[in-house]
There are 2 protein chains.
Amino acid sequence: MAQTARGKTPKSPKSPNTPKTPPAAGQGPTELPTPPWRRRARPVRQPLSQPSIVDAALRIVDAQGLDAVSMRRVAEELNTGPASLYVYVSGKEELLELVLDRVLGTVDVPEPVPGEWEEQVKGVVREARDALASHGDLARASMAVIAAGPNALVISEGLLTILRAAGIPDQACAWILDVLMLYLSADAYESALYRSRAESGEDPAVMAQAYLDEVIAALPGERFPSLVALKPHMVGGDRDARFEFGLDIMISGLGVVAGREK
Amino acid sequence: MAQTARGKTPKSPKSPNTPKTPPAAGQGPTELPTPPWRRRARPVRQPLSQPSIVDAALRIVDAQGLDAVSMRRVAEELNTGPASLYVYVSGKEELLELVLDRVLGTVDVPEPVPGEWEEQVKGVVREARDALASHGDLARASMAVIAAGPNALVISEGLLTILRAAGIPDQACAWILDVLMLYLSADAYESALYRSRAESGEDPAVMAQAYLDEVIAALPGERFPSLVALKPHMVGGDRDARFEFGLDIMISGLGVVAGREK
DNA sequence: TCGTCATAACGAACGGCGTTCGTTCGCGGT
DNA sequence: ACCGCGAACGAACGCCGTTCGTTATGACGA
């Protein structure tokens, strides 16, 4: 058989648009073997590569959520079989690490500006959280992975630089960095969790909140007076405000503690 | 066929000890039907129930780690098939929620003591973290679940009570509660992650640290000066100290922020 | 120009998973 | 003595991540 074109050219009644196949050879019965005297024009489909695989995975996350990302699904997106991916990626875990790090690449890290370290740190952390949150429920993978990709390292380096320039003791710098990263990942994770629950459930965004609401409402008021009393503050406050509050607390506390022991 | 004894009595060359089957009926060819005139002694095996299922799951977590917990494995532990569990538990997710909440039941929550709120809050959070951490890598499930089980609610109520008694504004109480729970879960999660990596890997506990160590060591010093300089503080500090530092920062910061806006 | 050969790509399969379906059967109530 | 109900279950479905052994390709030395 003459033609090869790496991937399976349309092999069955499949997707409506296989975007990469060359426009040549009129729309007729597609399965006809190419005449041997006319070699197929260039295969066109760019060869597999780590970036293209990461891209495909990210596309799936954006379009259908993290749970839809399986090796099979990613391979399908690239018109190949799951086994082919293992040349470029050691497994699903590494793939997700790469996707996460790629997303973190959009965060930019400023040079330290004297007197603005608090706002600068908050800004970076905020940006990283938003980057994670801007790709569906991708953040649900953010805790399952040791963040040591190149982009994560750039962020860490930037934060450390700002903190040290502000005169925070070294040990405190190291610890607060870890704590902030943990906080950021956890918040993004939780948001993503709620988002994916809400999506798969009935209501668009209410569901999870409504559930907690319900639980608290059903509580015996004499056993759980504080929870019942604070219910409006618990379910009502939006996530961003809460995140900001946490950030605020940590940075303020850092000032106190660092000052205390210096 | 006369005998029932709920579970499959040994049905194939299987496990060496099926711990629950009654000691009766000598060890001979086991598959023989029990003579109809001699009804099987009591089934003995206690009937399935939600608590017994949760117990079994927790046993597996302790013995073989979270990844070993599958519906099939839990069912096997109870000498039955996976389908039988669904009478008492809606699915794997609910099962894990129940296991987590059961573990949180060991945390005890003090009445507020005036002037000691900071230490009290830290104590409860610490205890909850340790409870999660004391069951292998169970905590790896702690973020995947909305903590709204009865025991989690007791803890929340206790913390809120202490905080309010200390005069913290309501909105701040609600937020800091969320933030602390998130921090606690995330830390336990991360610890569990490292633990299970270390276990499945070669070295007993070094691996993950050594990995980060390696990464940082391989960094170009002129591009990542702060990371390289702070390396000893990053990989060296033990988890407990870091956790405590985060707790300290948050509580201190809470004082600052609450004071600032009251 | 023609083999040679490393290796990317692949089809097929393995063993496991969570969950569901339809059936069986012991037991409490009549 | 019978019946009906629901717990228990065996089997299957449709996925999953990963591995194995084979095939095809393209660069390169002869």
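When the residues of the stretch B:134-145 are filtered to those that are in contact (Cβ under 8 Å) with a residue 60 or more places away in the chain and assigned to a loop (DSSP other than H, G, I, E, B), the one that is nearest to the other protein chains (Cβ to nearest Cβ) is B:D137. The residues of the stretch A:231-259 that are part of a helix (DSSP H, G or I) and more than 17 Å from B:V257 (Cβ to Cβ), listed by number, are A:K231, A:P232, A:M234, A:V235, A:G236, A:R239. Only residues that are crowded, with 18+ Cβ neighbours inside 10 Å and not in a loop (DSSP other than H, G, I, E, B) were counted across the stretch B:68-82, and they come to 4.
Here is a yes/no grid of residues against (1) in contact with a helix residue (DSSP H, G or I) (Cβ under 7 Å, 6 or more places away or on another chain); (2) more than 9 Å from DNA strand C (Cβ to nearest atom); (3) under 16 Å from A:A133 (Cα atoms):
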position	(1), (2), (3)
A:D55	no, yes, no
A:L66	yes, yes, yes
A:L78	yes, no, no
A:L85	yes, no, no
A:V89	yes, yes, no
A:R102	yes, yes, yes
A:G105	yes, yes, yes
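Considering each residue of the stretch A:169-191, count those that are surrounded by fewer than 23 Cβ atoms within 10 Å (Cβ to Cβ) and either small (G, A, S) or more than 8 Å from chain B (Cβ to nearest Cβ) (or both), and give that number. Residues in the stretch A:169-191 being surrounded by fewer than 23 Cβ atoms within 10 Å (Cβ to Cβ) and either small (G, A, S) or more than 8 Å from chain B (Cβ to nearest Cβ) (or both): 4 in total. Filter the stretch A:240-251 down to the residues that are in contact with a Ser or Thr (Cβ under 9 Å, 6 or more places away or on another chain) and facing chain B (nearest Cβ under 7 Å) and list them by number. Answer for the stretch A:240-251, where residues must be in contact with a Ser or Thr (Cβ under 9 Å, 6 or more places away or on another chain) and facing chain B (nearest Cβ under 7 Å): just A:I249.
Scanning the stretch A:215-227 for residues that are outside any loop (DSSP other than H, G, I, E, B) and more than 9 Å from chain B (Cβ to nearest Cβ) yields a single hit, A:A217. Return a yes/no flag: does the stretch A:83-93 have any residue that is closer than 19 Å to A:I251 by Cα, part of a helix (DSSP H, G or I) and polar (S, T, N, Q). No, the stretch A:83-93 contains no residue that is closer than 19 Å to A:I251 by Cα, part of a helix (DSSP H, G or I) and polar (S, T, N, Q). Scanning the stretch A:69-87 for residues that are touching a residue at least 24 places away in the same chain (Cβ under 8 Å) and more than 23 Å from B:R197 (Cβ to Cβ) turns up A:L78, A:N79, A:T80, A:S84, A:V87.
Selection of the stretch A:46-67 for residues being crowded, with 16+ Cβ neighbours inside 10 Å and not aliphatic (A, V, I, L, M) yields A:D55, A:G65. Set side by side, the residues B:A131, B:A148, B:A165 differ, and just one is surrounded by fewer than 23 Cβ atoms within 10 Å (Cβ to Cβ) and either of a type in the set (S, T, N, Q) or at the interface with chain A (Cβ under 8 Å from one of its Cβ atoms) (or both), which is B:A148.
Criterion applied to B:G158, B:G167 was being more than 21 Å from B:L66 (Cα to Cα), small (G, A, S) and in a helix (DSSP H, G or I), and the one residue passing it is B:G158. Would you confirm whether or not the stretch B:101-111 contains a residue that is in a helix (DSSP H, G or I), within 14 Å of another protein chain (Cβ to nearest Cβ) and aliphatic (A, V, I, L, M)? Looking through the stretch B:101-111, none of the residues is in a helix (DSSP H, G or I), within 14 Å of another protein chain (Cβ to nearest Cβ) and aliphatic (A, V, I, L, M). Taken as a whole, the structure leaves B:G237 outside the set of residues that are at the interface with chain A (Cβ under 7 Å from one of its Cβ atoms) and modelled with pLDDT of 90 or more.
The values are calculated or read from the model by the stated rules, or taken from the named source; none is laboratory data. Since the structure is predicted, the reported quantities are computational estimates derived from the model, not experimental observations. All Cβ positions, even for glycine, are placed from backbone atoms using ideal geometry, and neighbour counts span all protein chains on display.
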